[in-house]
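The values are calculated or read from the model by the stated rules, or taken from the named source; none is laboratory data. The structure displayed is predicted, hence computed values, not measured ones. Here Cβ is always computed from backbone atoms with ideal geometry, including for glycine, and neighbour counts include all displayed protein chains. Accessible surface is based on the protein model in full, side chains and every heavy atom, while ligands, DNA and RNA are left aside. Shrake-Rupley method; radii C 1.70, N 1.55, O 1.52, S 1.80 Å.
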Amino acid sequence: MNAAVEVSPYVSRRERLFAAIGDNVAILPTAPELARNRDTDFLYRHDSYFYYLTGFREPQSVLVVLGGAERKAILFCREKNQEREIWDGFRYGPDAAREIFAFDEAYPIEKLEELLPEYLKNRGTLYAPLAMGTTHASAFEAMLNKAIISVRNMSRAGFSAPDSLVDVYKVVDEMRLIKDPHEIAIMRRSAEIASLAHTRAMRTARPNQYEYQVEAEIAHEFIRHGARTPAYNHIVASGPNACVLHYNDSSRQMKDGDLLLIDSGCEYEGYASDITRTFPVNGKFTGPQKDVYEAVLKAQYACMDVLKAGQPFHKYHDVATESLAQSMLDLGLLKGSLAQVLEEKTYMQFYMHRAGHWIGMDVHDAGAYRINGESQTLRAGMVVTNEPGLYIRPAENVPEHFWNIGVRIEDDVLITSNGNENLTIKTPKTVAEVEAACVR
Ligand code: CA
């Protein structure tokens, strides 16, 4: 049960969906409940699109939006059920849900199949998810198909079925790309909690601990602030594991002299944060570690300068690549000229990912990166990660003192009308800040 439901953001998002669909009809289901093993489910997580338009977190819910003169937002959800509530907890039921979440109508989910043909009558276009990619997609699509067929069968009575399907997610993607003040406030808090967790990891990590012990400190900090789950699987990667980009095992015993790369963010009130910090397990960078760290930090700062409204989204990746490539030359990791390194992409031995992504309800959030092949332009209200890195695996052409050093530095950055705001600014970042945070 939501502690206090602030409905106006969801109502105004539905207003925008009404405007987008004209006389037509839209339908969006929430996510399915997923079995983990035998009779145990994964902790339930709503669908982001559905939640964006409803603020409603219960499973087995569907939103129907009727455009045109009818203009109705209709929720289908679970009925009140005393016995199920004793076992599984509170549910709103259609009447309370309609009232509290400001829908025009609400019905038990079991009624959807029966009412659906009615909603599709004489609507030219159906806005529905196209290829949802979830396990209940086929059942949902089958229900839609059945409803369309039943409307077709009413043609002699003068009714027509929709003759085109538009991906409703694509319409909502555009909306989700620009965060409203309600979202920004939550994202700021999500970022702050993740920041506290990284600071705690710096303060508590010790040589000879296992990576999972550090993960426990992070999870503890998330949960005690009301962020019950990470936004993605924690990456707690010490020593050589830092050079495995999606390392999820958290099983290695950390050694004196290791760097520890932590990529971890929480989900708070449905919004992700995503921070990476890299710090010495014993609290003090070695010379080579510091050199690599400073190179990544320099690239990250350079990226901050171009994360501004009006800049193409792809610009900061190019800035990161150029800065890191120059540092690779300066550190003796690569030979040749900068132009050559960029042309031949030899930098990819040490920097092989993009400089960042949209972030919001999903850690890799909705929204196009390119439009007709052209880079999306940054606008106020977009939120991106800024995360350059260097990953130096042992190799013959690499000076041995750099072997197994992996560094990534990642912040969440809100584009504003006059620049940007680093939402994760409270996380220690400079060498001095990091070493101070590691003080034992
Ligand atoms: Ca990350």
- Cross-link pairs beyond the 18 Å C-alpha cut-off, checked among LYS284/LYS429; LYS290/LYS335; LYS170/LYS308; LYS80/LYS111; LYS179/LYS308: LYS290/LYS335; LYS170/LYS308
- Query: What does the chain give for Rg and for Dmax, in Å, if only its C-alpha atoms count?
  - Reply: 24.8, 82
- Message: Tell me the angle of helix 211-224 to the major Cα principal axis of the chain, expressed in degrees between 0 and 90 and rounded to the nearest ten.
- Response: 50 degrees
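Counting only DSSP beta bridges with both residues in the range 8-175, what percent are antiparallel, rounded to the nearest 5?
Roughly 55 percent of the beta bridges in the range 8-175 run antiparallel, per DSSP.
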- Query: Charges only on Cβ, +1 for Lys and Arg, -1 for Asp and Glu: so what's the dipole of the chain about the Cα centre, in debye to the nearest 20?
  - Reply: 140 debye
- Message: Taking a ≥ b ≥ c as the square roots of the Cα gyration tensor eigenvalues, with a/c under 1.5 meaning rounded and otherwise prolate when a/b beats b/c, else oblate, which class fits the range 181-437?
- Response: oblate
- Query: What FRET efficiency comes out for the pair LEU43/ARG156, r = Cβ-Cβ distance, R0 = 41 Å, nearest 0.05?
  - Reply: 0.25
- Figure the gain on full extension for GLU113 and ALA436 (residue separation times 0.36 nm, minus the Cα-Cα span) and round it to one decimal in nm. 110.2 nm
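Quick one: with all protein chains in place, what share of the accessible area of the range 181-437 is carbon or sulfur, to the nearest percent (1.4 Å probe)?
Looking at the range 181-437 in its full context, I get 50 percent from C and S.
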- Item | Folded to 0 to 90 degrees: helix 181-204 orientation relative to the chain principal axis, Cα | 40 degrees
- Message: Report D for the range 43-94 in µm² per second (integer): Stokes-Einstein, Kirkwood Rh on Cα pairs, 37 °C, 0.692 mPa s.
- Response: 265 µm²/s
- Item | Degrees, to the nearest 10: 287-306 long Cα axis against longest axis of the chain | 40 degrees
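Find how much the distance from HIS401 to GLU15 grows on full extension, using 0.36 nm per residue of separation minus their present alpha carbon separation; answer in nm with one decimal.
Numbers: separation 386, 0.36 × 386 = 138.96 nm, distance 5.89 nm.
In short, 133.1 nm is gained.
Where both partners of a DSSP beta bridge lie in the chain, what percent of those bridges are antiparallel, to the nearest 5?
80 percent
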- Note on the structure: Averaged per residue, the 1.4 Å probe accessible area of the chain, protein heavy atoms only, in Å², is roughly 45 Å²
- Message: Taking a ≥ b ≥ c as the square roots of the Cα gyration tensor eigenvalues, with a/c under 1.5 meaning rounded and otherwise prolate when a/b beats b/c, else oblate, which class fits the range 8-175?
- Response: prolate
- Under a point-charge model restricted to the Cβ atoms of Lys and Arg (+1) and Asp and Glu (-1), what is the dipole moment magnitude of the range 8-175 relative to its Cα centre, in debye to the nearest 20? 240 debye
